[in-house]
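One structure is given here, and the rest of the page talks about it.
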Amino acid sequence: MNKKVYIETMGCQMNKSDTERILGMLYHFGYEETSESKDADLLIVNTCSIRQLSADKAYSLVGVWGKWKNDERQKELQGKPFKEIKIAFCGCVAQQDKEKLLKRFPYVDLVFGTNNVYELPDLIKRINEGERVCATNETPKKFTDGEEEAKYEIKRAKSLNAWIPIMEGCNNFCTYCIVPFTRGRERSRKMSEIIAETRQAIKEGFKEITLLGQNVDSYGKNLEAENGIEPTLANLLRELNKIEGKFRIRFVTSYPTDISDDLIKAVKECDKVCEFFHIPMQSGNSKVLKEMNRRYNREQYGEIVKKIRETFEDVAITSDFIAGFPGETEEEFLDTMSAIDEFELDYSNTAAYSPRVKTKAAKWTDRFIDEDTKFERLARLNEKNREACLKSNEKCVGKTFEILVESYEDKDGKIILAGRAPNNKIVHFEGSKNLVGEFVNVKITGASTWHLRGEL
Ligand code: SAH
Ligand code: SF4
Ligand code: F3S
């Protein structure tokens with residue numbers, strides 16, 4: 001009988017994509033995925049370290065699993081039937097905390113970092129032989145060794161969208177951010193590999209691919225030209241757009257000043273590429289941006305937004321903001337509030353600043369904003385975001401969008417479909433179940449804060 005693996009994924013899309021690769025490898029080695037953690041022989045938590053809260057969630061989950069493992073151990077000692085549970089801790093917290101995790105959690109069998117996914121077969125073998133292992137190399141194996149990757153299929157989550165990492169790591173060292181420490185320096189995957197993976201995903205029936213990276217618009221910097229084509233995100237989009245079939249292409253995340261004119265041009269030219277840009281601004285105040293080590297000011301961000309809005313009629317531009325960065329004054333915070341209005345941002349992810357070890361800003365303790373102020377600002381920011389989303393959605397009423405139908409719900413005998421427009425907005429409309437997975441034109445008839453309503 002196959003062994004069962006349960007994996008809890010706590011982080012961003014990159015983290016989700018790692019989970020798909022981990023499951024692919026484990027499948028190859030006789031593990032089958034279960035959605036019931038209680039049934040699993042191998043429990044894996046794929047962690048995120050972006051805020052303290054995310055890391056704490058992981059610590060408390062392995063605590064629960066540790067208790068289960070101990071209960072089984074007690075049964076074993078009493079000669080009763082028992083299950084041998086193995087616990088693995090991976091992802092960004094693992095990359096950061098390393099061996100410390102084995103010391104802190106005596107029931108954890110394996111710690112593996114973001115660079116060690118491809119060593120998993122050996123690591124699993126070792127823990128099944130009773131060893132406790134920590135594998136957190138600093139040198140990335142991933143993306144530098146295409147052959148290793150090609151050996152294993154990817155177990156993609158059941159959805160219409162395939163996540164395709166195109167680059168990993170980050171060289172920006174924004175003063176608040178842990179990612180350069182958990183994902184290492186920036187490196188890109190070869191265009192030919194990305195094209196092959198996309199072809200495969202389309203062949204398997206995926207209707208959308210999302211190119212992933214911490215800064216996708218700086219894709220290709222460490223690569224040589226392939227067949228005379230300069231490896232840039234713009235050119236990659238052009239190559240992917242040539243792949244036959246009806247599907248959509250998206251990309252996240254963009255760094256504001258790395259969005260080139262050629263990238264905007266490529267998005268415009270390529271019919272499969274969606275008119276959607278996620279461009280985190282982080283703060284609306286130029287002084288705070290400087291302290292965050294972001295390489296742009298408020299005006300420069302505005303210019304990029306303007307250029308994009310002039311090029312595309314129905315484009316959506318979304319952002320991320322941090323409230324209560326060390327030293328942020330009320331006035332500076334109000335610049336963030338006004339940026340959402342001024343740049344007509346369609347949606348923003350928001351967070352209260354959370355100090356992360358090793359990062360520069362975490363050392364500025366004398367300028368920390370007290371928790372009450374931070375969360376009060378966050379609440380105002382969230383309210384502003386809600387208003388902005390509603391305004392942005394209301395502007396869509398009367399337009400017709402091509403919708404990729406993702407799911408349905410039976411509401412008192414009526415089938416309500418849900419899907420996304422190219423600009424990533426969610427649309428609900430009545431229709432038949434067999435439209436799931438299809439592209440249909442929908443006229444927008446109404447708007448709420450988080451979704452649009454329409455009719456076929
Ligand atoms: N590469 C992307 C963001 C990756 S992290 C970029 O450059 O924008 C995702 C988001 O988490 C960030 O945009 C930021 O808004 C938030 N974030 C990162 N570190 C944080 C911290 N220490 N406290 C609060 N939010 C943080
Ligand atoms: Fe973090 Fe900045 Fe890199 Fe984004 S660009 S991952 S926020 S260091
Ligand atoms: Fe979190 Fe790591 Fe992604 S810290 S946001 S899972 S890159």
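Every residue in region 157-202 that is closer than 28 Å to Asn241 by Cα, within 16 Å of ligand 2 (Cβ to nearest atom) and crowded, with 19+ Cβ neighbours inside 10 Å, please. Outline the logic, then answer.
Looking only at region 157-202, we keep the residues that are closer than 28 Å to Asn241 by Cα, and these are 157-170, 186-202.
In the following step, the residues that additionally are within 16 Å of ligand 2 (Cβ to nearest atom) were identified as 165-170, 186-188.
Residues satisfying the conditions are Pro165, Ile166, Met167, Glu168, Gly169, Cys170, Glu186, Ser188.
Answer yes or no: is there a residue in region 19-33 that is more than 14 Å from ligand 3 (Cβ to nearest atom), in contact with a Phe, Trp or Tyr (Cβ under 9 Å, 6 or more places away or on another chain), outside any helix (DSSP H, G or I) and in the same structural domain as Gln95 (by TED's automatic domain parsing).
Yes, region 19-33 contains a residue that is more than 14 Å from ligand 3 (Cβ to nearest atom), in contact with a Phe, Trp or Tyr (Cβ under 9 Å, 6 or more places away or on another chain), outside any helix (DSSP H, G or I) and in the same structural domain as Gln95 (by TED's automatic domain parsing).
From the list Asn382, Asn424, Asn349, pick out the single residue that is of a type outside the set (Lys, Arg), part of a helix (DSSP H, G or I) and modelled with pLDDT of 95 or more.
Working: Asn424 fails: part of a helix (DSSP H, G or I); Asn349 fails: part of a helix (DSSP H, G or I).
Every option except Asn382 fails the conditions.
Report, by residue number, each residue of region 176-202 that is part of a helix (DSSP H, G or I) and either aliphatic (A, V, I, L, M) or touching a residue at least 60 places away in the same chain (Cβ under 8 Å) (or both).
First, the residues of region 176-202 that are part of a helix (DSSP H, G or I): 179-183, 191-202.
Hits for region 176-202 are Val179, Phe181, Thr182, Arg183, Met191, Ile194, Ile195, Ala196, Ala201, Ile202.
Test of understanding: among Cys48, Cys92, which residue is touching a residue at least 60 places away in the same chain (Cβ under 8 Å), buried (at least 18 other Cβ atoms within 10 Å of the Cβ) and within 16 Å of ligand 2 (Cβ to nearest atom)?
Values: Cys48 fails: touching a residue at least 60 places away in the same chain (Cβ under 8 Å).
Just one listed residue meets the conditions, Cys92.
Return the residue satisfying two criteria in turn: it lies in region 300-341 and is among the acidic types (Asp, Glu) and closer than 23 Å to Arg380 by Cα, and of such residues it is nearest to ligand 1 (Cβ to nearest atom). Break it down into steps so the answer makes sense when it comes.
Of the residues in region 300-341, the ones among the acidic types (Asp, Glu) are 303, 310, 313-314, 320, 328, 330-332, 335, 341.
With closer than 23 Å to Arg380 by Cα added as a condition, the list becomes 320, 328, 330-332, 335, 341.
Details: Asp320: 3, Glu328: 12, Glu330: 19, Glu331: 20, Glu332: 16, Asp335: 16, Asp341: 19 Å.
Out of the qualifying residues, it is Asp320.
The values are calculated or read from the model by the stated rules, or taken from the named source; none is laboratory data. These numbers come from a predicted model, not from an experiment. Here the Cβ is made from the backbone with ideal geometry for all residues, glycine too, and neighbour counts use every protein chain on show.
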